[in-house]
Amino acid sequence: MFNRLTRCFALTFSLALMGCGAYQTPVMQVATEPPVIEAAEDAASEEQPTMPPTATPLPPTATPTPEPTLTPTPPPTATPAPTATPVLSPIDRLVAMRDAEKGAALFVTFQETAGSGYSCSNCHLADSEKTNLGPGLLNIKDRALTRVEGQTAAEYIYESIVDPMAYLVEDFDPELMPRNWSEIYSDLEIFDIVAYLLTLEGESDIDDPEPAASDAEAASDREQG
Ligand code: HEC
């Protein structure tokens, strides 16, 4: 009974719509539009930042700015100067941290593998500038600065020990000082020795540094005879 009424109502309603010529369009709009709007709304709600679309087109216009690359050029010419001023080299800093007392002990330690068997003290006096086969090492800290241009005292003394041939003190036998100290002592031990040698300060006991030549000859004569 009710079914027949509704069907009858539906039929008359649709006939009336067809009569108006609006039957097809309302159905299409009702069926298609809602999902489109929902999808658009979902997409909009998922993308949290609503600004990006408006922000992206701006960068392309902002990027072309090549001028800044021209301004940084003048400063570089001013920077090289500070690199010449550093007072402490890596070796200076390492030596400053070492133990001069330990170095003093190593200085007098006999090493049978050093040349034909020596201690530093066999050839170097610590309390005098006078020659004893090798140059006296009193005040070596000051003399070291006069040896190789650009080297600090610690750098020169360190090099004198590990590579005696790098700089030869005039009028001394270049073959005399053993060249294998870096095999006998570790770098840290050699830094201890350098730290010790830097402490050797006192009143000079030679009038003229030059007579070292005759002293050296006399010393090697003594050694041979
Ligand atoms: C067999 C002798 C001999 C022994 C051992 C020896 N030296 Fe020398 N050393 C010399 C002679 C000779 C010179 C000078 C010639 C030269 O520059 O190599 C010299 C140069 C040096 C100089 C440079 C001195 C200067 O006035 O510029 C230093 C520093 C030095 N020795 C430290 C040492 C130390 C530290 C040891 C031990 C680890 C040592 N030497 C062991 C003979 C010796």
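The values are calculated or read from the model by the stated rules, or taken from the named source; none is laboratory data. In this text, all values refer to a predicted model and were calculated from it rather than measured experimentally. Here the Cβ positions follow ideal geometry from the backbone for every residue, glycine too, while neighbour counts run over all protein chains shown.
General observations
- Residue match in segment 198-212 (condition: over 18 Å from Asp99 (Cβ atoms), assigned to a helix (DSSP H, G or I) and modelled with pLDDT of 95 or more): no
- Count of segment 137-178 residues which are among the β-branched types (Val, Ile, Thr) and in a loop (DSSP other than H, G, I, E, B): 3
- Residue in segment 168-184 that is more than 6 Å from the ligand (Cβ to nearest atom) and under 16 Å from Arg98 (Cβ atoms) present: yes
- Residue satisfying all of: in segment 123-136; near the ligand (Cβ under 6 Å from one of its atoms) and assigned to a loop (DSSP other than H, G, I, E, B); farthest from Ser204 (Cα to Cα) among these: Leu133
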